[in-house]
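Below: one structure, written as structure tokens.
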Amino acid sequence: MAEHYNIVVVGAGPAGLAAAEAALSNGARVAWLDAQATAGGQVWRKDVAHGWPRDAQNVIERVTQHANATWMPQTQVISAESGQLLLQDPSRAWRITYDALILATGARELLLPFPGWTLPGVTGAGGLQALAKQGWPLAGRRVVIAGSGPLLLAAAATAKRHGARVLGIYEQASKTTVQRFARKLWRWPGKSLQAVSLRAQLAGIPYRCGSIVARATGDGALQSIEVDGPHGVERIACDQLAVGYGLVPNVELAHWLGCTMQNEGAHPYVKVDATQCTGVPHIYAAGEVCGIGGRDCAWLEGRIAGLAATGATIDASLLRKQRHARAFASALREHFALDPYIYDLPGPDTLICRCEDVPLHALIDHDDARSAKLATRCGMGACQGRVCGTALAELGRFPRGGLRPPLFPARLATLGELDSPCSQGSFS
Amino acid sequence: MSTVRIKIDGEALDVPAGISVAAAIARVPRPFRRSVKGQARAPFCGMGICFECRVRIDDIAQQRACMAIVCEGMQVITDG
């Protein structure tokens, strides 16, 4: 027998938390789950040394301790069929059913290939932040932060707080566009304050625009990088390189559930109406999965989804705030658009698929994901194309293909719970 | 801060309680795994997406070290 809940929320970041809290306030029995061991998502990830941000801690405690809430940490959705979710945690697999489902699956980093990107010591920018918050040793380490967007500042601040020697922040956008973006910040006072506070925390750390990490080198681990900037190529010796080019929505579950997708650039996001409903009956989506919009937007959309899913009325001011928050995301996208030079960084021998070690030259003759996969194994590894498929889409090669269960690698015992292809009447 | 004792490839190590297995291995340090062509790999995405950090934990293979939290007596085998 599957466990039944009024509302199931997938993802415990700001969108999921707001959705769970809103649904609980309307008397619903709520299950909320996340792949991570603690709630908060990426942006509110608990820091082993410093705890949660204060606002996050308050809401996490309220939701976790609520009598009608069931918190399922380290839990992933492996499949979904006929109104049921198949879940897996470290010790078991089980099914749950729902009256309404809220997808708050967030985003991952856009990680793009360049020579040396597989070396130990190279991570994402948000990736290094996540690692540091969970105790990754950075004290005294020489760290370079690179890529694009305001996340670089947050990553640098986290690295510094954990004792790293941050050698520099290298932003690919030009100085002119970054300044133009900064001049628009007054429209979002919360963001301005955040920017001022980050600037203060990062005093003394060089922030260089129009600069791209073109290569990482090292013997078995990272030793140095080459940064291509307005004044030529600079070689920097370092222990860690954290490079992220923005965020990409995690749409795998939504896609499998049949939600309508739209594309933002090369990457799909879930289309929703004003109440965050996906168009599939009883399925809502909120936050980054609906297009990268940032923390404030995620929080507001989560609240809207939680209210809508429990049949409550939604205040017009909430919808107005959500639109304003989405406008910030548009401004971000416009000003931090990627320099096409980045797409030319990988050489013929640069590995694109890190799971199966497939170099760029092996992919030249393929113009779709399926053909590349059949001939080279590109995208067949444990990450299921989350890294290489997304990178190839961004590079303008071909869109990521073949999304189907298991949505994450699963244990055999869990797969035993899946409906067989025969019982679904299809071998596709 | 309290500590827990774990073993990484048979070597005992005291680490702060609550840190990830990835952060524990980084204290040794050593490659987390070898790629299909033998390259050393280590955590990359930090959030459970890329699977570069997978190791054997308490006899269960292919666990993401960035998603697991250390606990007393845990046995970690790299490249597992």
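Any read-out appearing in this document is the output of simple, stated calculations on the displayed coordinates, not a laboratory observation. Since the structure is predicted, the reported quantities are computational estimates derived from the model, not experimental observations. Using ideal geometry, Cβ is built from the backbone for each residue, glycine included, and neighbour counts are taken over all protein chains shown.
Odds and ends about this structure:
- A:ARG187/A:ALA274 FRET efficiency (R0 25 Å; Cβ-Cβ; nearest 0.05): 0.70
- Average other protein chain Cβ within 10 Å of Cβ, residues B:32-41: 4
- Normalising by residue count, chain B has a Cα convex hull of 79 Å³ per residue.
- Measuring spread by the Cα atoms of the protein assembly as shown yields a radius of gyration and Dmax of 21.8, 65 Å.
- For the range A:273-298 versus the range A:311-359, the spacing of their alpha-carbon centroids is 15 Å.
- Considering only alpha-carbon pairs that sit under 8 angstrom and 6 or more positions apart, the relative contact order computed for the range B:3-80 is 39 percent.
- Top positive-direction residue, dipole computed over chain A with Cβ charges, set A:ALA312, A:LEU167, A:GLY27: A:LEU167
- Euclidean distance between Cα centres, the range A:148-177 to the range A:66-122, Å: 28
- A helix-only calculation puts chain A at -9000 deg cm²/dmol for mean residue ellipticity at 222 nm, using -39500 (n - 2.57) for each DSSP H run of at least four residues, averaged over all residues.
- Taking each of A:LYS133/B:LYS7; A:LYS175/A:LYS321; A:LYS133/A:LYS175; A:LYS373/B:LYS37; A:LYS133/A:LYS271; A:LYS175/A:LYS271 in turn, the alpha-carbon distance tops 28 angstrom for A:LYS175/A:LYS321; A:LYS133/A:LYS175; A:LYS133/A:LYS271; A:LYS175/A:LYS271.
- Relative contact order [Cα under 8 Å, 6+ residues apart], the range A:340-394, whole percent: 31
- Take every pair of alpha-carbon atoms less than 8 Å apart whose residues are at least six positions apart; their mean separation over the length of the range A:1-52 yields a relative contact order of 37 percent.
- Under a model in which nothing but the beta-carbon of Lys, Arg (+1) and Asp, Glu (-1) is charged, the range A:309-428 shows a dipole of about 520 debye around its Cα centre.
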